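For reference, the structure discussed in these notes is given below.
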Amino acid sequence: MRLKGIMLELKDINKTYQGAVPLHVLRDVSLTIERGELVSIMGASGSGKSTLLNILGILDSYDSGEYRLDGTLVKNLTENEAADLRNRKIGFVFQSFNLISYKDALENVALPLFYQGVPRKRRNMLAMEQLEKMGLADRAHHLPGELSGGQKQRVAIARALITRPALILADEPTGALDSRTSKEVMELLRRLNSEEGMTTVIVTHDPGVGAQTNRIIRIADGHIVSK
Amino acid sequence: MTDLIREISQTVGRNKLRMALTGFAVAWGVFMLIVLLGIAQGVVNEFEDKMLGRDNYLLTIWGGQTEKVWKGLKEGRTITLEEKDLGDIGRNGSVPARAVSASIGNDTVVFSANNMTLTGGYYGASPESMYYDDINMSAGRFINNRDMQQRRRAIVIESDDARRIFGSDSAAVGKIMTGMGLAWTVTGVYAHRWRSTVYVPYSTAAALAANADEVESIDVELGGVSTKVEGREAEQAVRETLAQNHSFDPEDKNAIWVWNRFLNNLEAVEVLNILVMTMWIIGILTLLSGIVGVSNIMFVSVRERKHEIGIRRAIGARPRSILTQVVWESVAITILFGYIGIVAGTIVNGIISTMTKGMDIMRDPGVTLSTALQVTVVLVAAGAIAGLFPAIKATKVRPVEALRDE
């Protein structure tokens, strides 16, 4: 179990996309998520939900405000600092799994450790442990194309967990799955949260998914409308 | 490493025709480079074999005819070299001479034995001639000091002649041949790629010469010279010594003939270097079109893998690791197809080598190990340059691409 406290904190975040007509997508967004929380961020398309996800995932920068993740101020980072923070602090779970098609399940899971410079033998061993936890040990040497949707998402979750991140950031994790598999994946995420205290943020527009989290944050027109 | 190979095979496999065409251009460029360098090497080998012996520090001087008036003396005088000149050249401090020797030849004498003849005369040699002329004995011995002291009528003949007249090299040794109405003993047989001179002791040749003081030519072995300027200065110093001895204008190029092998060789080596350099330039320019192709294909590959690069960036790849990955892929593709070109080029060089065997234009064309290494360095550099711009483009892919659905 992790210590209680604040895992991530947004303070008056603003983000405008410059263009012919500047688009102010996030307006003074403030948000706090405690360690061990299971939160969903919900909003319609165009609500600023994706931009918020990009900022939380250190995939994109913001114009003003402050973002602290696990005690680190995430602001004005170089590309390398951002890459290292993403690698160590955040485990991504994507809607379309985003596994690399020509790498087998084991190699996909081990990839984040490759970017930490962990030797091949050790990273394959750790990846195998994660796959075992997901019940996919027998699929370790299958390519993503040879796995079912649910299996692919479990491989992706194993990849997200392998660096022991502070935060799991899931973007529509069930968007590409049928209802039965969706349920399995959601159960897995819930179990990781309850049993291992993994702080989890799920971005979704699906009320069914939102209902399975402990807190729903709604966003509309770039504002947080309810926490 | 395994990851790299896997990823390259993926890149190669994604569009086989496109990759084959690009690969062909690279292989063709390298093939041309190897064949051209192979031919150049063949020419260099032939030159080195024929020209660059131990005698490449030798100045050989013959008497000529003056064509300039000098101190009241008319033009058209015949200059004949004499024994005295040897000592004067040797004593002249401005001639960097290591050794000075003279030779007396006679090109009308015919030697015969077993009703067969050797035409072409003889050459009066010292024991050192064996070294200057780069001769290897196949039977018997070369002229020695006792031959010189006793003015023996000893002759040394070439292997092909020995076989023709006596049956074999060893059978010739000790046999008697007649020439100038005198009996000569064959003391040795030598093998050389192109020489067929008959050698007799210098002292014997001098004794047989009409005027004992006259020498046909003088050999000056230069020492401690390395540049063309030094070579030219040495020649000029020799000309001045002889001009004084024989009263002619030192600038009169016809009064004496000088074969400056040292200078000739330096000039020839320069020409060969230009030849090799030209081959490199032509080869590399041919390779260039292949390299442009590789660069192009890497651009396409980066564009196709934008999503994948985004995923890698999202899960923590630094821009630099994306850069090196693309560059290494490019290098690997270039080397892979480059080596196909090297192999094909080496095979063709082998064919050229067989076809030109025995011809005087080239010898053993082909690339040496150092050339192969140089070509490899060129390939690595070319692949890296080809991959660099696509790789820089790849680093510009933003991690947000990972969230975009394909």
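The values are calculated or read from the model by the stated rules, or taken from the named source; none is laboratory data. On a predicted model such as this, the values are computed, not experimentally measured, just so you know. Every residue, glycine as well, gets a Cβ built from its backbone with ideal geometry; the counts of neighbours run over all protein chains shown. Just the protein is used for accessible areas: all its heavy atoms, side chains included, with ligands, DNA and RNA removed. Shrake-Rupley method; radii C 1.70, N 1.55, O 1.52, S 1.80 Å.
A few points about this structure:
- Every residue from the stretch B:306-337 that is of a type in the set (Lys, Arg) and either outside the structural domain of residue B:36 (by TED's automatic domain parsing) or open to solvent by 20 Å² or more (accessible area, probe 1.4 Å) (or both): B:306, B:318, B:320
- Residues of the stretch A:71-86 satisfying the condition of being outside any loop (DSSP other than H, G, I, E, B), touching a residue at least 12 places away in the same chain (Cβ under 8 Å) and open to solvent by 20 Å² or more (accessible area, probe 1.4 Å): A:72, A:85
- Close contacts from the stretch B:180-207, counting a first residue that is closer than 13 Å to residue B:127 by Cβ and a second that is among the aromatic types (Phe, Trp, Tyr) and open to solvent by 20 Å² or more (accessible area, probe 1.4 Å), with Cβ to Cβ under 7 Å and a gap of 6+ residues or different chains, come to B:199/B:123.
- Any hit, the stretch A:32-39, residues being open to solvent by less than 30 Å² (accessible area, probe 1.4 Å) and more than 16 Å from residue A:203 (Cα to Cα): yes
- Flag if residue B:88 is touching a His at 6+ places or on another chain (Cβ under 8 Å) and not in a strand (DSSP E or B): no
- The lone criterion from (1) within 14 Å of another protein chain (Cβ to nearest Cβ); (2) buried (at least 21 other Cβ atoms within 10 Å of the Cβ) left unmet by residue B:298 is number (1).
- Residue A:52 more than 8 Å from chain B (Cβ to nearest Cβ), open to solvent by 10 Å² or more (accessible area, probe 1.4 Å) and not polar (S, T, N, Q): no
- Any hit, the stretch B:341-359, residues being assigned to a loop (DSSP other than H, G, I, E, B) and in contact (Cβ under 8 Å) with a residue 40 or more places away in the chain: yes
- Selection of the stretch A:193-216 for residues being hydroxyl-bearing (Ser, Thr, Tyr) and assigned to a loop (DSSP other than H, G, I, E, B) yields only A:213.
- From the list A:27, A:68, the lone residue that is within 20 Å of the chain's Cα centre (by Cα) and either of a type in the set (D, E, K, R) or open to solvent by 50 Å² or more (accessible area, probe 1.4 Å) (or both) is A:68.
- If you filter the stretch B:371-406 down to residues that are out of contact with any helix residue (DSSP H, G or I) (no Cβ under 8 Å at 6 or more places or on another chain) and not in a helix (DSSP H, G or I), you find that the one that is nearest to the other protein chains (Cβ to nearest Cβ) is B:405.
- Candidates B:357, B:396 - the one that is open to solvent by 30 Å² or more (accessible area, probe 1.4 Å), of a type in the set (D, E, K, R), closer than 30 Å to residue A:51 by Cβ and assigned by TED's automatic domain parsing to the domain that holds residue B:324: B:396
- Among the residues making up the stretch A:92-129, those that are of a type in the set (A, V, I, L, M), facing chain B (nearest Cβ under 10 Å) and not in a helix (DSSP H, G or I) are A:99, A:100.
- Annotation note: of B:323, B:263, the sole residue that is part of a helix (DSSP H, G or I), among the hydrophobic types (A, V, I, L, M, F, W, C) and under 25 Å from residue B:219 (Cβ atoms) is B:263.
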